[in-house]
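Enquirer: I'd like to ask some things about the structure below.
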Amino acid sequence: METQGVRAVDGAEALAAPPSASRARPSGHLWELDVLGRVWRFFTSVRMALVLILILTAAVLAGTLLDQAPPSVIADPASYEQWLERARARYGFWTDILNFLQLFNIFHTLWFKLIIGLLTTNIIICSINRWKGIKTTVFGARVRMSETFFQHARYNASLAAAMPMTTAAERVRRALALSHYRVRTETDGSSVAIYADRNRFSRFGTFLSHLSIVLILAGTVVGGVLGFKDPEFIVAEGATREVGMGTDLSVKLEHFTDEYWLEGPPKDFRSELVIYENGQEVKRGMIRVNSPMSYKGVRFHQAFFGQTAVMNVTDTSDALIFDEAVPLAWQTREGSRPVGSFDLSGQNRTVYVIGPTSGENDPLIPAGEMRVEVYRRDTGSLVAAENVSQGTPKAIGDLNVDFVRESRFTGLQVVKDPGVNIIWVASALMVLGLAMLFYFPHRRMWALCKALPDGKAEVRLGMTAQRDVSLTDEFKRLRERVGLALGIRPDGGRTAGGGDDV
Amino acid sequence: MSELSEYAFVATVAALSTAILLYLVNALGARSLRAFSLADGGSLATRSANGAYTTAGRYGTILAVNAFAFLTASLVFRTIASGHGPFANMYEFSLAFAWGALALYLYFELRYRLRILGLLVLPIALGLLVYATTVPSDITPLVPALQNDLLLTVHVAVAIIAYGAFTLAFGAAVLYLIQRRDSVRWLPRSTVLDEMGYKAVMVGFPMMALVVILGALWADIAWGTYWSWDPKETASLVTWLIYGGYLHARVLRGWRGQRSAMLLILGFAATLFTYFGNLFFGGLHSYG
Ligand code: HEM
């Protein structure tokens with residue numbers, strides 16, 4: 001009972017499937033209880049697919065027109081609050097409404113994923129639904145068609161052949177085969193039925209393109225579950241940093257170089273990296289924007305770069321407690337100055353290092369100096385702040401701080417994504433499927449050679465419209481070829497009906 | 001070389017403008033011809049009118065082919081001068097878009113012997129060229145992300161074909177809406193226009209899929225992220241989905257004619273949004 005609806009849909013014969021096959025109703029009188037069938041039909045509905053695609057379109061339009069908060073901001077409620085404050089300047093009164101509707105983070109919301117999930121289900125069920133029909137069309141097409149078929153076929157012709165039926169049939173077969181058609185015949189006492197087709201596997205193109213969409217989504221899920229991504233992996237020149245994320249890798253930046261065109265725009269960024277696994281050097285090389293480096297599935301991409309300040313801190317007893325390059329990878333809200341920070345846990349201190357605004361004369365921080373601000377780590381209150389010139393140590397609160405020199409850091413995107421291979425395979429299938437479908441469309445021609453009482457033969461040809469592409473040219477070409485094979489001049493012979501001349 | 005490219009550009013604009021005039025004469029000639037022959041039942045005068053109208057059309061085609069050749073030359077010279085394909089800025093991409101529209105249009109004209117679409121597509125191509133003159137045309141050096149010649153050249157080449165095909169589909173859709181009751185004598189029958197739109201989408205849809213995929217591949221190599229919901233990549237995906245919606249509505253729900261034509265117009269709007277998107281939003285593609 002529950003499968004009735006499914007069968008009604010599955011049984012739709014591909015040959016002459018009405019466009020509304022998927023809307024077929026089960027004939028059973030218990031259709032009210034046919035839950036599975038109803039759900040199934042719900043998901044085969046093209047209207048649903050169209051509605052989903054339209055919602056996606058609207059969501060994406062909103063997502064491109066409205067500012068979207070970056071994932072790192074979303075992850076941290078405090079910085080999201082700050083982000084919202086800035087958004088308020090732009091969207092004013094609407095900010096809260098937009099925020100409530102989650103429109104500042106459209107692509108990562110549950111409802112966006114839900115729509116994508118529904119569309120995937122939709123695609124899977126539609127494909128299963130059509131599988132049988134496609135298989136029948138490709139492997140089990142009927143060879144013999146009725147008289148009425150030839151009368152009503154959109155493209156049809158009738159040719160008189162001055163030869164016996166079997167000879168005529170053989171010539172028709174040859175003509176079609178020479179046109180690169182695959183020909184099947186069925187003979188009975190008074191007629192030979194012929195079916196010829198070409199590019200029949202193109203029918204699977206629909207299936208391939210649907211399958212590939214499901215695979216692409218699967219690939220993103222695999223990547224999301226088994227992979228990781230660190231878009232802001234910063235390493236200072238000379239420093240070594242652990243990758244973490246469950247790997248035993250660490251990365252050292254030997255050297256960073258940036259080059260510019262004479263006209264000003266950047267020409268090249270490159271980082272010389274060394275990769276260590278459990279402390280052992282395993283790989284070394286140079287990466288640039290279009291050529292990443294990869295080790296055991298973990299890829300290192302050049303993403304950004306910036307300035308560091310090598311800082312040197314001693315405590316009251318003159319013991320060296322910090323000696324590292326501090327990447328100034330962020331910007332202060334006022335004055336857009338490059339800023340970085342480090343923690344001195346033993347001292348309960350957090351130290352901010354602020355550099356001069358680049359490219360201008362900074363009134364607060366002259367070139368060659370760094371502003372150093374020391375905060376209590378637990379309360380966040382300011383302890384002391386001073387400008388420090390390069391090479392001249394200075395006491396700031398209970399610390400003695402030296403700005404040793406400037407250097408560079410590189411910003412890498414560190415990615416592991418095992419799903420990406422699935423995605424490229426799926427993409428290839430998609431393009432293959434679409435190319436088959438649209439550039440090598442399936443063509444089918446039926447013919448019937450009938451013996452006439454006078455020992456001659458009548459040959460009827462019929463072609464149905466493939467989807468709705470005009471086959472006028474193709475039919476004309478085939479008819480002429482068949483005609484020639486039967487000894488009829490191109491302009492001779494009766495031809496009937498059909499077709500648009502485009 | 002870049003001077004040669006500019007001369008070829010000027011020649012393109014001249015040839016294209018003249019071609020548009022001739023296409024117009026051709027279409028109007030066809031109209032007066034029909035009107036005349038209706039009144040007169042066909043006469044010697046009709047035949048000479050007929051001759052004039054096809055002559056205008058034939059020269060129109062010749063000029064359109066010339067414009068196409070000049071534009072090709074302009075792009076080739078520029079490629080030689082700059083050392084990379086036409087994808088570094090809006091100027092280069094406008095020329096390339098116009099090239100795609102012309103290429104696809106000429107292919108369809110020769111294949112289906114239908115000049116009427118030119119009446120819409122050629123002015124669109126001219127519009128793109130005129131737009132190109134309003135943006136800086138200096139040869140700009142490539143920023144690091146764009147230094148992936150092969151991948152980007154293919155990406156852009158395929159995009160050009162897809163956009164060209166969608167422009168053609170748009171032309172067919174607009175003419176369809178004018179002709180939907182088959183009341184305009186000098187236009188082809190509405191079913192023909194409807195089908196032209198479909199055929200153009202058949203060419204463009206797989207190409208657009210390839211555009212999105214190659215874009216993702218490039219992003220993966222350059223940034224380590226094949227998809228970041230960057231406005232430009234998102235817009236191109238949506239464009240593709242709209243044409244996907246068009247195909248499904250047509251094949252599965254039998255949409256024809258007006259509704260189908262509206263989808264093509266929506267699709268072309270999305271294409272333009274994708275193309276001019278850089279002007280509205282930032283994002284990774286914002287070097288344009
Ligand atoms: C973004 C997602 C989708 C893509 C890219 C896609 C792609 C395609 C393509 C290219 C065709 C061939 C159209 C033609 O011959 O003109 C097609 C046909 C079809 N699609 Fe989809 N499709 C998608 C989603 C769906 C969904 C959600 C459904 C279910 C409602 C569906 C059901 C079908 C069916 C039943 C056919 C006709 C198959 C046939 O005639 O053999 N598709 N699809």
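Enquirer: Can you give me the distance in nm between label points at B:LEU21 and A:LYS456, each placed 7 Å from the Cα along the Cα-to-Cβ direction?
Expert: 5.8 nm
Enquirer: What range in chain B is the longest one free of trypsin sites (Lys or Arg not before Pro) that are in a loop by DSSP and have at most 11 other Cβ atoms within 10 angstrom?
Expert: On the way: sites that count: B:ARG113, B:ARG181.
Looking at chain B, B:1-112 is the longest stretch - no exposed trypsin sites (Lys or Arg not before Pro) with at most 11 other Cβ atoms within 10 Å.
Enquirer: Can I ask one more? Within chain A, what is the number of lysine pairs with alpha carbons under 14 Å apart, leaving out pairs fewer than eight places apart on the same chain?
Expert: For chain A, qualifying lysine pairs total 4.
Enquirer: Roughly how many debye, to the nearest 20, is the charge dipole of chain B about its Cα centre, given +1 on each Lys and Arg Cβ, -1 on each Asp and Glu Cβ, and no other charges?
Expert: Value, rounded to 20: 1460 debye.
Enquirer: Can I ask one more? Can you give me the Cα centroid spacing of the range A:94-114 and the range A:306-371 in angstrom?
Expert: The range A:94-114 and the range A:306-371 have Cα centres separated by 37 Å.
Enquirer: Zone of B:VAL251 (label point 7 Å along Cα→Cβ, backbone N under 14 Å): which residues in the range A:160-184?
Expert: Backbone N within reach: none found.
Enquirer: Over all alpha-carbon pairs of chain A, lay out the pair-distance distribution in 20 Å bins, whole %, shortest bin first.
Expert: 16, 32, 24, 18, 8, 2, 0
Enquirer: Any chance you could get the radius of gyration and Dmax over the Cα atoms of the range A:334-476, in Å?
Expert: Cα only, the range A:334-476: 38.8, 120 Å (Rg, Dmax).
Enquirer: Using only the alpha-carbon atoms, what does the range A:260-377 span along each of its principal axes? Please give whole angstrom values in decreasing order.
Expert: 44, 44, 22
Enquirer: A further question on this structure: Tell me the label-point distance for the pair A:LEU364, B:ARG189, using the 7 Å Cα-to-Cβ offset, in nm and rounded to one decimal.
Expert: Spacing of the two 7 Å Cα→Cβ label points: 7.7 nm.
Enquirer: What length, rounded to one decimal in nm, is gained on full extension from A:LEU98 through to A:LEU320, with 0.36 nm per residue of separation minus their alpha-carbon distance?
Expert: Once the chain is fully extended between A:LEU98 and A:LEU320, it gains 74.8 nm.
Enquirer: At 1.567 mPa s and 4 °C, plugging the Kirkwood radius over alpha-carbon pairs of the range A:92-132 into Stokes-Einstein gives what diffusion coefficient in µm²/s?
Expert: Details: Rh = 12.2 Å.
Taking Rh from Cα pairs, D becomes 106 µm²/s.
Enquirer: Just want the answer: with Cβ charges of +1 for Lys and Arg and -1 for Asp and Glu, which residue in A:VAL172, A:PRO265, A:LEU249 is farthest toward the dipole's positive end in the range A:172-314?
Expert: Going by the charge dipole, the pick is A:VAL172.
Enquirer: Just to check I understand the Karplus step: with θ = phi - 60° and J = 6.51 cos²θ - 1.76 cosθ + 1.60, what whole-Hz values come out for the range A:309-322, glycine and proline as x?
Expert: Coupling constants for the range A:309-322: 10, 7, 10, 9, 10, 10, 9, 4, 8, 6, 7, 6, 10, 7 Hz.
Enquirer: Treating the range A:389-443 as a set of equal point scatterers at the Cα positions, no solvent, please give the Debye-formula log₁₀ I(q)/I(0) at q = 0.17, 0.20, 0.24, 0.26 Å⁻¹.
Expert: -0.78, -0.85, -0.95, -0.99
Enquirer: Need one number: nm distance between label points at B:GLU6 and A:GLU277, each 7 Å from Cα along Cα→Cβ, rounded to one decimal.
Expert: Roughly 5.7 nm, to one decimal.
Enquirer: Counting other Cβ atoms within 10 Å of each Cβ, which trypsin sites (Lys or Arg not before Pro) in the range A:214-300 have at most 14 and sit in a DSSP loop?
Expert: A:LYS296
Enquirer: Tell me, what is the FRET efficiency for A:SER291 and B:ARG181 to the nearest 0.05, using R0 = 56 angstrom and their Cβ-Cβ distance as r?
Expert: The computed FRET efficiency comes out at 0.40.
Enquirer: To check my understanding: the extent here is largest minus smallest coordinate of the Cα atoms along each principal axis. What are those three numbers for the range B:84-281, in Å, largest first?
Expert: Ordered largest first, the range B:84-281 gives principal extents of 55, 37, 30 Å.
Enquirer: Still on this structure: How much length is gained on full extension from A:TYR439 to A:GLU85, taking 0.36 nm per residue of separation minus their Cα-Cα distance?
Expert: Fully extending the segment from A:TYR439 to A:GLU85 adds 122.2 nm.
Enquirer: Report, to the nearest 10°, how far helix B:44-82 tilts away from the longest principal axis of the Cα atoms in chain B, using its own Cα long axis and a range of 0 to 90°.
Expert: Helix B:44-82 sits at roughly 10 degrees to that axis.
Enquirer: Around A:TRP330, which amide H atoms from residues at least 5 apart in sequence, or from another chain, sit under 5 Å from its own amide H, with H modelled in the peptide plane?
Expert: For A:TRP330, the qualifying residues are A:VAL339.
Enquirer: So, one more: Select from B:LEU252, B:LEU95, B:LEU151 the residue whose mean-square fluctuation is largest in a Gaussian network model of chain B (Cα-Cα springs shorter than 10 Å).
Expert: Highest fluctuation among the options: B:LEU252.
Enquirer: With a length cut of 27 Å (Cα positions projected on each helix's long axis) and a Kyte-Doolittle mean of at least -0.5, go through chain A and give me the DSSP H helices that pass. Walk me through the numbers on the way to the answer.
Expert: Details: long enough: A:46-65 (28 Å, 2.36); A:110-139 (43 Å, 0.99); A:204-226 (32 Å, 1.93); A:420-439 (28 Å, 2.09).
TM-like helix candidates: A:46-65, A:110-139, A:204-226, A:420-439.
Enquirer: Restricting attention to the alpha-carbon atoms of the range A:183-312, what are Rg (one decimal) and Dmax (integer), both in Å?
Expert: Using the Cα atoms of the range A:183-312, the pair Rg, Dmax is 27.4, 103 Å.
Enquirer: Consider a paramagnetic label point 7 Å from the Cα of A:ASN348 along Cα→Cβ; state which residues of the range A:386-427 have an amide N under 19 Å from it.
Expert: Within reach of a label on A:ASN348, which here means backbone N under 19 Å from a point 7 Å along Cα→Cβ, the range A:386-427 contributes A:396-400.
Enquirer: Something else about it: So what is the relative contact order for chain B, in percent, with contacts set as C-alpha pairs under 8 Å and at least six apart?
Expert: Relative contact order of chain B: 17 percent.
Enquirer: Report the full-extension gain for the segment B:ALA14 to B:ILE265: residue separation times 0.36 nm, less the Cα-Cα distance, to one decimal in nm.
Expert: Answer, rounded to one decimal: 87.5 nm.
FYI, it's all coordinate maths here, none of it is from the lab. Just so it is clear, the structure is predicted and the values come from calculations on it, not from any experiment. Methodologically, a virtual Cβ is constructed for each residue, glycine included, from the backbone with ideal geometry; neighbour enumeration extends over all protein chains shown.
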